[in-house]
Amino acid sequence: MSNSKPKKSRSVFVILFVILMLLTIAVTVTANVIFSGDRVPKVAGYYLYLQESDELAPDVPQNSLVFSKEATDTALLPGNKVLCYLSSGNLAMRVIYNIDVNEDGSTNYYPGTAVEQGSELAIPRTNIIAQCKWASCELYTFVQFATSVAGLMCLLVAPCVILIIMLLVKIAKSSREEIDDEDFFFDEEEAEQLSRKPAKKAPLFDPEQAAAGDEVLEKKKESIADNFASKPVNEDSPYQKAVAERTAKFKKVEQEDIDRVNAEQAAREAGTQVYSTAEVEESARRNPNPVSDTSAAVRPIEQAPAPAPKVEKPAEPVEEKHYSSPNIDDIINAAELRAAKSGTKINPDIAATDSIDDLISALEKEKNKL
């Protein structure tokens, strides 16, 4: 409850402040509207006249706002302060110091000031429009300030800006959904809902629901077994044929590799070095000069002695090893090998020439044949 009192007092202060700002704006606007121009405004039967001279002081002080009640038919007496039109046609505040009744029954009123009397001509009763009732210097000061530029800024523009800022702050607070003290009280509907007994909760285990769940589970298992079971393979399908063909090729290549490895191992055990086709072609490319000796395609491999333990000795020239068996260049003619690879025929006479003269004579023979 201690927190609610400051909050309520603050809300009351805000309301009073807003009302004050609105009243200030309204009074400022009204003052500027009423006192616009040179005419004397009339509000609720009262003429509002700004007395700026001290001609009627001290009864009507200088710089005061005079409230004069309309008095077109009211009886006047000497000493009354009236708002009247002088003989010159100007509207002014004067005091009636004498009243004369003419022979024709008309009445003359002699206006004057508190200082000077008898200097102005008499006026008829129709020129007197109101009788002075009350004067205020404070209201005169307010009207003069409210109708000035500084007064408009302070009494009209500033309150409008303040009210707009307060409105924006109120909108921001309402968007955050702040909880007031009133939100902690329950209304009749909420109290009725709280007073109702809560409905009975369902049991944690229901045999019927459990049985229904088991049936659904069994149906799902059957569906999975029907749709995801292993299906027979069609051996005549293109895919299966392609798979079988690739498998056969793989097995064939694997068997060839196995046979080649076995043959190489058998050759090593027999002491013979076997050369593959790629090795033969590489050797022919390196040694293009043919050798006439064509003995055997294989030569025995000299068994290297077991390596001796390393002993630090001075470097000696390495002796070139000589094999008793023929080299690969002695077996295959390099020219014939190149011709066989390119798919062309070779002339043995031309290929066997060792000099330019032999080549020229071989070409002449071929030319004579043609």
| Taking only C-alpha pairs under 8 Å that are 6+ residues apart, what is the relative contact order of the stretch 72-138 in percent? | 33
| query | Given q = 0.14, 0.20, 0.22 Å⁻¹, what are the Debye log10 I(q)/I(0) values for the stretch 108-178, with equal point scatterers placed on the Cα positions and solvent ignored? | reply | -0.74, -0.92, -0.98
| note | So, with points 7 Å from each Cα along the Cβ direction, the residue 76-residue 242 label distance in nm works out to 12.6
| Accessible surface of residue 104 - all protein chains present, 1.4 Å probe, nearest 10 Å² | 120
| said: Using the crude model of +1 on Lys and Arg Cβ and -1 on Asp and Glu Cβ, and no other charge, please compute the dipole size for the stretch 42-97 relative to its Cα centre, in debye to 20. | reply: 120
| task | With a point put 7 Å past each Cα toward its Cβ, work out how far residue 147 is from residue 53 in nm, to one decimal. | result | 1.8
| note | Of 17, 145, ordered by accessible area with the largest first and a 1.4 Å probe, the sequence is 145, 17
| request: Sort the stretch 11-167 into rounded, prolate or oblate with this rule: let a ≥ b ≥ c be the square roots of the eigenvalues of the Cα gyration tensor; rounded if a/c is under 1.5, and if a/c is not under 1.5, prolate when a/b is larger than b/c, oblate otherwise. | output: prolate
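The values are calculated or read from the model by the stated rules, or taken from the named source; none is laboratory data. All values reported here derive from a predicted model rather than from experimental measurement. Virtual Cβ from ideal backbone geometry, glycine too; neighbours counted across all protein chains shown. For accessibility, only protein heavy atoms count, side chains too; no ligands or nucleic acids. Shrake-Rupley method; radii C 1.70, N 1.55, O 1.52, S 1.80 Å.
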